[in-house]
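Here is the structure we will look at.
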Amino acid sequence: MGLAAKRQPLEVIRGHSGSPGCRGPNGFTLIETALATVIVGVGVLSIVAAQQAFHKQNAWSTNASTATRLGNEIREMTFRLPRHDPVTGLILPWGPEDNELWVGDFDDLDDFDGDNGDGLIFSADFDPPNGPINARREIIANMAGWSQIVTVRNVDPFQITDMTVEDGATEMMMVEVVVTYRPPRETVPIEMTRVSWIAPN
Ligand SMILES: [Ca+2]
Ligand SMILES: [Ca+2]
Ligand SMILES: [Ca+2]
């Protein structure tokens, strides 16, 4: 079959210029234009959606690295502290001693479990803010929504996952920092990271 014969059906489909669904020698039909608009529109929407996903992922990874840093600031601050007060040398009383009124006074690990033995929170959400803090015990500026929740507990050396050990009951201590972030216009903070370690001293 020759080339001319193969082309013939195409001529039939095109039909006459001016009839609905057909195009003239120099233009596009309404259907072609509509289809092109749809194709371009879908393409643009996909690009916008991809951009949004990228920005969300980027924000999450920035927040995750900020959270890791805030956890490590506490770890660095407390890593060299003795487990119990260097002056009294006693396991009890647990928590800050009488003359230790703020984080700048704390000189042993159990001080960071607070007066009630249930931990301390360093947060930008407090009024006035008392955190988050860095390893030098200074409040880090421009950290709206961020908090460090620090707890200290004794652990059973043979079963460190046992959460029922009373404060002061053993010699082995574990520090845990939970870092939370409350996004703008949200009321509930999100846990961003959790780090814990056995006190080495
Ligand atoms: Ca102390
Ligand atoms: Ca103490
Ligand atoms: Ca405790």
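The values are calculated or read from the model by the stated rules, or taken from the named source; none is laboratory data. On a predicted model such as this, the values are computed, not experimentally measured, just so you know. Glycine also receives a Cβ, built like all others from the backbone with ideal geometry; neighbour counts cover every protein chain displayed.
So the values come out like this:
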| item | result |
| --- | --- |
| T78 being among the polar types (S, T, N, Q), within 16 Å of ligand 3 (Cβ to nearest atom) and closer than 30 Å to A141 by Cβ | yes |
| Test for V150: is it of a type in the set (V, I, T), farther than 16 Å from N201 by Cβ, assigned to a strand (DSSP E or B) and within 12 Å of ligand 3 (Cβ to nearest atom) | yes |
| Qualifying position, being aromatic (F, W, Y) and within 13 Å of ligand 2 (Cβ to nearest atom), among F126, F106 | F106 |
| I91 vs. criteria closer than 20 Å to A199 by Cβ, more than 26 Å from the chain's Cα centre (by Cα), within 16 Å of ligand 3 (Cβ to nearest atom) and touching a residue at least 24 places away in the same chain (Cβ under 8 Å) | yes |
| From M172, M163, residue being modelled with pLDDT of 90 or more, on the phi < 0 side of the Ramachandran plot, away from ligand 1 (no atom under 16 Å from the Cβ) and surrounded by fewer than 17 Cβ atoms within 10 Å (Cβ to Cβ) | M172 |
| Single unsatisfied condition, G71 versus (1) surrounded by 11 or more Cβ atoms within 10 Å (Cβ to Cβ); (2) part of a loop (DSSP other than H, G, I, E, B) | (2) |
